[in-house]
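As structure tokens, the structure follows; a few thoughts come after it.
The values are calculated or read from the model by the stated rules, or taken from the named source; none is laboratory data. Computed from a predicted structure; not experimentally measured. Please note: Cβ atoms are built from the backbone with ideal geometry, for glycine as well, and neighbour counts cover all protein chains shown.
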Amino acid sequence: MGTQSRMNSLVGQKVSSWRSGAVCLFVGGILLLSCTLAFPQGRFTDVLVSVVKDKVVAVTGVGQSEIDLSPGETVVSTKAHGLTALAITSTRLLGFSSQLRHWGEQPLDGDEHVKTSHVLRELCIVATDRHLFGFQETLAHWTSEALGGAEQVQDLRAYGHLALAVTTSRLVGFSAFMSGFHAIELQGDERPQAIEHTGDAYLVRTASRTLMFRSRMAGWTEVN
């Protein structure tokens, strides 16, 4: 075989190899894109919650998850919104995460009573006569904040990624993204005069100051 023929053969092999690689890369990209699109559509679906015999059942687009009730335990109420579900029983709070397909439970004290609750797409907030409880859907995890001896929750709000409790002595914020509750003491007879919000911030005005709580920042800040 002459030199020119050998060169042509080598060039042809390289072109063929490049074409094969390009085709594989293209097909791989299509498959990856398909999996990426299918993953959130198939897994991150809204949840429906119901009580069936002695179980609380959460139903999503990809299946169902059950949690057993204990003997004598009764379901007081159920709520669901978006990815999050809440069941309040006579002894526990049950939160469900659609993303993790997992139930998280929070025991109540023997004589503790639930006063009010809210369920958002990615969190739950529950006020009792003794605690504030928050559930983060992304972690399927409950967090608690004890109320003081004479402290009472006067207002409980939730919107977007945030919840806000106004008590007789504090402002207490809870976020779908930040761990724990975030509280700030009210001074003397200071009371909220106006509360504004977006899905990611609460702005509370009192007679003496303006306070802000944001979904992705720990703690409260004073706006000057």
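What to note about this one:
- No other residue among A85, A127 is touching a Leu at 6+ places or on another chain (Cβ under 6 Å), in a strand (DSSP E or B), buried (at least 16 other Cβ atoms within 10 Å of the Cβ) and at pLDDT 95 or above apart from A127.
- Within the stretch 190-224, the set of residues being closer than 14 Å to T167 by Cβ and charged (D, E, K, R) comprises E190, R191.
- Condition check for E105: surrounded by 16 or more Cβ atoms within 10 Å (Cβ to Cβ), acidic (D, E) and either at pLDDT below 95 or not in a loop (DSSP other than H, G, I, E, B) (or both): no
- Neighbours by Cβ (under 8 Å, 6+ apart or cross-chain): first from the stretch 143-161, within 18 Å of Q193 (Cα to Cα); second in a strand (DSSP E or B) and at pLDDT below 95: none
- Residues in the stretch 116-130 that are among the aliphatic types (A, V, I, L, M) and touching a residue at least 40 places away in the same chain (Cβ under 8 Å): V119, L120, L123, I125, V126.
- Qualifying residue in the stretch 43-54 (condition: in a helix (DSSP H, G or I), modelled with pLDDT under 95 and surrounded by 10 or more Cβ atoms within 10 Å (Cβ to Cβ)): yes
- Scan of the stretch 145-174 for residues that are surrounded by 16 or more Cβ atoms within 10 Å (Cβ to Cβ) and under 17 Å from the mean Cα position of the chain (by Cα), ordered by number: A158, G160, H161, L162, A163, L164, G173, F174
- When A80 is tested against the conditions (1) in contact with a Gly (Cβ under 9 Å, 6 or more places away or on another chain); (2) of a type outside the set (D, E, K, R); (3) crowded, with 19+ Cβ neighbours inside 10 Å; (4) farther than 28 Å from I184 by Cα, the lone failure is (1).
- Conditions (1) part of a strand (DSSP E or B); (2) crowded, with 16+ Cβ neighbours inside 10 Å: number failed by Q64: (2)
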